[in-house]
Every structure is written in C-alpha cells, then in structure tokens.
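Let me begin by presenting the structure, written as structure tokens, before commenting on it.
The values are calculated or read from the model by the stated rules, or taken from the named source; none is laboratory data. In this text the structure is predicted, and so the values were computed from the model without any measurement. Here the Cβ positions follow ideal geometry from the backbone for every residue, glycine too, while neighbour counts run over all protein chains shown.
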Amino acid sequence: MDCGLIGRKLSHSFSPKIHSLLGDYTYRLIPLEPEEVGEFLKKGEFHGLNVTIPYKKTVMEYCAELTPAARRIGSVNTILRRPDGTLLGDNTDYNGFLYQLNATGAQVAGKKALVLGSGGASLTVRTVLAELGAREIVVISRTGENNYHNLGRHADAQIIVNATPVGMYPKNGESLIDLSQFPHCEAVFDLIYNPAKTQLLLQAQRRGLIWANGLGMLVAQAKVASERFQGKELPDSLVAQIIRRLERETHNILLIGMPGCGKTTIGQALAQKLGRPLADVDEKIVAEAGCSIPEIFAKEGEEGFRVREHRALAEIAKQSGLIISAGGGIVTRPENRDPMEENSVVVWLRRDIHKLPTDGRPVSQSVPLEELYRRRAPLYEAAAQVTVDNNGTVEQTVDEIIKRVME
C-alpha cells in the first residue's frame with residue numbers, strides 16, 4: 001500500500017515517522033509545485049494521501065466525492081483512492097483540532113475566538129470552534145476587513161489560534177501578534193509543531209495561559225487518516241503514546257552550567273548513548289570566528305563574544321533531536337531565553353564548586369569563582385526544567401539525565 005504526504009515544503013515533516021507507528025505501509029513525502037499537483041493526482045500512483053500547505057483547497061477539484069466533513073469545512077487534507085480509481089476527499093484535520101482542544105481542557109462555548117489566517121487549516125479551525133459553540137469567530141488576515149493593523153478592535157478575544165505557517169522552522173522566532181494586546185486571552189493554540197514552542201506559544205506559556213502546539217493535532221488526524229488508508233479502526237490510546245514518543249525523540253537536550261562543570265564530556269557521552277548528534281555552541285563560535293574564545297574576548301570583549309554566542313545558539317537550537325552543550329554564560333543574556341526554550345529540554349549540570357577548573361576560561365579568571373557561581377546559580381535554576389548533579393561518574397550522570405528526560 002503506497003501512501004504519502006503532498007505539499008510544497010516537506011523536508012522536516014514528522015508524518016512518515018507517525019505513520020510508521022500507525023501501520024505497516026509505505027508512506028513518503030511528495031513535494032510538489034502548484035503546476036504539478038493536478039497531474040500527480042490524475043496519474044493515481046498512490047492508495048492514500050495526506051495534503052498540507054498550500055494545497056488543501058486545490059485538491060478538491062480532483063476529488064469525485066467529498067465526505068460530509070470535507071464539504072462542511074471546505075478543504076481536504078486526506079485523499080483515498082477508491083476501487084474504481086476515483087478520489088474521495090476527506091478532512092481528518094477536524095478530528096485533529098478537536099483532539100487538541102479536548103486534550104487541554106479548553107472551554108470554547110460562549111467565547112470570542114481569533115483565527116489567524118484564512119487558508120485551508122483556518123477553515124477547519126473555524127468549523128470546530130463554531131460546532132463547539134464559540135460566541136464569535138473572527139478571521140484575521142493580511143488584507144481583509146480584520147487584519148493585523150486593526151487588532152485593537154478585538155482586544156477582548158479569549159481564544160487565539162494560529163493557522164498560518166508564520167513562526168515555523170526554519171523561521172523560528174517570528175509571530176504575527178503580541179499577546180500583550182489581548183488582556184482577556186485564556187488559551188492559545190498554534191497548528192505549528194516545529195518548533196515545539198513558537199514565539200506565540202512562548203508568550204502564552206509565560207502568561208500562564210492554556211496552550212498547545214500542533215503535534216497533538218498532527219498525530220490525531222494522522223490516526224484517523226491511517227484508519228481510512230487501512231480500512232480498520234485503531235485504538236485511541238495510540239495518539240498519546242505517539243505524541244510522547246515524538247516529543248522524547250525530537251526535543252533537544254540542552255546542557256547548561258558553570259564553566260568546567262562537564263557539559264562537553266557529558267554531552268559527548270550522552271550523544272553516543274542516545275545515538276544523537278552533538279552540537280557545541282562554543283565550538284560553532286570558534287569555527288565561525290576562526291580563533292579561540294580567549295582571542296575573541298581579547299579582540300571583541302565579552303559583548304562581542306555574547307553576540308556571537310546568541311547567533312550560534314539560535315542557529316543550533318532551532319534544530320531537533322540534538323544534544324547541545326552551551327557555554328557557562330549563556331543564561332546571562334535574556335535574548336537567549338527563547339531559543340533555549342523553543343525546542344529543548346534544558347538540563348542544569350550542577351557540580352561542586354571546588355571541582356570547577358578555571359584555566360582557559362576568560363570570565364572564570366576575571367571574576368572569583370564563588371562570586372560567579374553566586375550570580376549565575378539563580379539563572380541556571382530559572383532556565384532549567386531538569387537539574388542533575390555531576391559529581392559522580394560520567395555514566396551515572398548520563399543515566400540520570402536519560403531517566404529524568406527520556407523516560
């Protein structure tokens with residue numbers, strides 16, 4: 001059985017992995033340009049397809065029949081080739097977004113919702129919100145009556161959903177709105193799942209709002225699509241199991257801590273044990289500068305080094321599934337907070353101060369070690385989701401990190 005995903009930019013899609021966990025069938029990524037979509041669908045060399053940006057409306061004209069959900073929503077994200085060769089268009093995104101809402105416990109009835117974007121994904125979101133009893137649903141687009149220049153008229157919005165690709169990898173850090181404009185907001189949903197936390201979701205998390213990325217929606221809709229492909233029901237429990245597995249496999253493990261606490265050594269051992277690539281922020285800085293870190297400090301001062309450090313961190317941390325070793329002072333700059341949190345579990349490697357070396361470490365040599373620790377310890381604690389002592393063997397520390405992060 002040959003299935004797959006069609007869209008324009010697909011290289012970082014999680015869909016093949018998800019479908020490999022849902023059934024025993026071939027599932028491939030099929031990037032297409034707009035002029036190629038019609039011919040591909042007509043040739044019919046597939047059993048079933050998922051459809052993503054920007055073709056959820058485009059494919060409708062090639063479907064001989066639409067399911068009630070696809071007709072009601074006005075877009076298609078799942079196509080099934082029937083025995084007579086014709087195409088049936090369905091929309092399993094409905095099931096996916098409904099799962100996303102239910103999993104967070106968000107209350108929609110009687111609430112005002114803003115939906116960012118007017119494409120196929122937006123149609124699905126609006127349909128679900130309407131059927132759950134939203135009091136008002138406002139679509140925000142770049143050029144429509146309600147746009148990003150007159151958001152003030154909707155400051156009373158209680159639910160916000162991003163149904164656009166803005167903020168998606170590799171353009172991490174972008175956001176269409178600032179949540180400070182919406183003091184009554186209770187819940188924020190982003191259909192993007194890479195990065196795990198977009199700029200919009202980072203804002204929501206810091207305000208203590210209900211929030212969720214698009215991973216739950218992606219897996220839940222894939223489960224229903226797979227049922228269509230295979231012609232059989234799958235257990236609902238698969239959705240949560242696959243979500244957790246993908247989170248474990250795709251989130252970076254980012255190591256922070258005092259200079260000399262063992263981030264590089266532990267990072268190397270952790271990467272080897274988990275079979276993951278290791279990325280060292282300091283090594284990237286040195287490679288790009290063409291000189292050592294002490295030489296950078298001598299030429300550009302600490303400020304110049306910190307600029308380079310932020311640039312290197314932002315580039316590395318937007319990727320997935322890495323072990324990342326960060327410099328000791330990474331936590332001292334507020335601008336590093338977003339890239340540290342968007343795709344990573346941050347682990348503070350804590351080591352007894354008398355075990356910390358200072359040779360070849362410019363900041364450690366310029367400030368007494370006790371004073372440096374006093375300044376930084378609260379910053380490490382605030383930045384980390386997990387704290388692990390590194391006072392025993394390398395193996396003990398690595399095993400403890402895996403236990404705390406992966407299990």
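In region 373-407, the qualifying residues are those that are over 27 Å from R206 (Cβ atoms) and of a type in the set (A, V, I, L, M, F, W, C), and the one that is surrounded by the most Cβ atoms within 10 Å (Cβ to Cβ) is V398.
Looking at the structure I just gave you, is I137 over 19 Å from the mean Cα position of the chain (by Cα) and buried (at least 22 other Cβ atoms within 10 Å of the Cβ)? No; evaluated as a whole, the condition is false for this residue. Touching a Gly at 6+ places or on another chain (Cβ under 7 Å), among the aliphatic types (A, V, I, L, M) and more than 22 Å from G117 (Cβ to Cβ), is that true of I30? So I30 passes the test. Check region 212-228 and report whether any residue there is touching a Gly at 6+ places or on another chain (Cβ under 8 Å), of a type outside the set (K, R) and surrounded by fewer than 20 Cβ atoms within 10 Å (Cβ to Cβ). No: zero hits. Only residues that are more than 19 Å from V161 (Cα to Cα) and not in a strand (DSSP E or B): list them for region 81-101, please. Scanning region 81-101 gives R82, P83, D84, G85, T86.
Considering only region 143-165, how many residues are touching a residue at least 12 places away in the same chain (Cβ under 8 Å) and either in a loop (DSSP other than H, G, I, E, B) or of a type in the set (F, W, Y) (or both)?
Step one: filter region 143-165 for residues touching a residue at least 12 places away in the same chain (Cβ under 8 Å), giving 144, 148, 151-152, 154-165.
Checking the rest, the ones that are also either in a loop (DSSP other than H, G, I, E, B) or of a type in the set (F, W, Y) (or both) come to 144, 148, 155-158, 163-165.
So the answer is 9.
Select from region 246-267 the residues that are within 25 Å of the chain's Cα centre (by Cα) and either free of Cβ contacts under 8 Å to residues at least 40 places away in the same chain or part of a loop (DSSP other than H, G, I, E, B) (or both) and list them in ascending order. Even if it seems obvious, please write down each step before you answer.
So the first thing to find is which residues in region 246-267 are within 25 Å of the chain's Cα centre (by Cα), and the list is 246-257, 263, 267.
Selection gives H251, G257.
When E233 is tested against (1) surrounded by 15 or more Cβ atoms within 10 Å (Cβ to Cβ); (2) in contact with a helix residue (DSSP H, G or I) (Cβ under 7 Å, 6 or more places away or on another chain), only condition (1) is not met. If I go through region 328-372 residue by residue, how many of them are of a type in the set (S, T, Y), crowded, with 19+ Cβ neighbours inside 10 Å and at pLDDT below 95? Number of matching residues: 1. Among the residues of region 112-128, which ones are of a type in the set (V, I, T) and free of Cβ contacts under 8 Å to residues at least 40 places away in the same chain? The answer is V128, and nothing else. Taken together, A121, A113 contain a single residue that is modelled with pLDDT under 95, buried (at least 21 other Cβ atoms within 10 Å of the Cβ) and not in a loop (DSSP other than H, G, I, E, B), which is A121.
One residue is enough: does region 88-96 have a residue meeting the conditions among the hydrophobic types (A, V, I, L, M, F, W, C) and out of contact with any Asp or Glu (no Cβ under 7 Å at 6 or more places or on another chain)? No.
Taking the criterion of being in a strand (DSSP E or B), touching a Phe, Trp or Tyr at 6+ places or on another chain (Cβ under 9 Å) and without any contact (Cβ under 8 Å) to a residue 60 or more places away in the chain, the only residue of region 50-80 that qualifies is I79.
Selection of region 1-41 for residues being more than 22 Å from the chain's Cα centre (by Cα), part of a loop (DSSP other than H, G, I, E, B) and buried (at least 17 other Cβ atoms within 10 Å of the Cβ) yields only L32.
Identify, from the list S237, S226, the residue that is of a type in the set (G, A, S), more than 29 Å from N390 (Cβ to Cβ) and free of Cβ contacts under 8 Å to residues at least 40 places away in the same chain. Steps first, answer last, please.
Numbers: S226 fails: free of Cβ contacts under 8 Å to residues at least 40 places away in the same chain.
Residue meeting the stated conditions: S237.
The residue that is farthest from I330 (Cα to Cα), counting only those in region 285-308 that are among the small types (G, A, S) and not in a helix (DSSP H, G or I), is G290. Selection within region 53-78: residues that are among the hydroxyl-bearing types (S, T, Y) and in contact with a helix residue (DSSP H, G or I) (Cβ under 8 Å, 6 or more places away or on another chain). The member of this set that is surrounded by the fewest Cβ atoms within 10 Å (Cβ to Cβ) is Y62.
When we screen Q203, Q221 for residues that are among the polar types (S, T, N, Q) and assigned by TED's automatic domain parsing to the domain that holds V166, the only hit is Q203. Between L49, L22, which is in contact with a Leu (Cβ under 9 Å, 6 or more places away or on another chain), at pLDDT 95 or above and within 23 Å of R245 (Cβ to Cβ)? Criteria check complete, one pass: L22.
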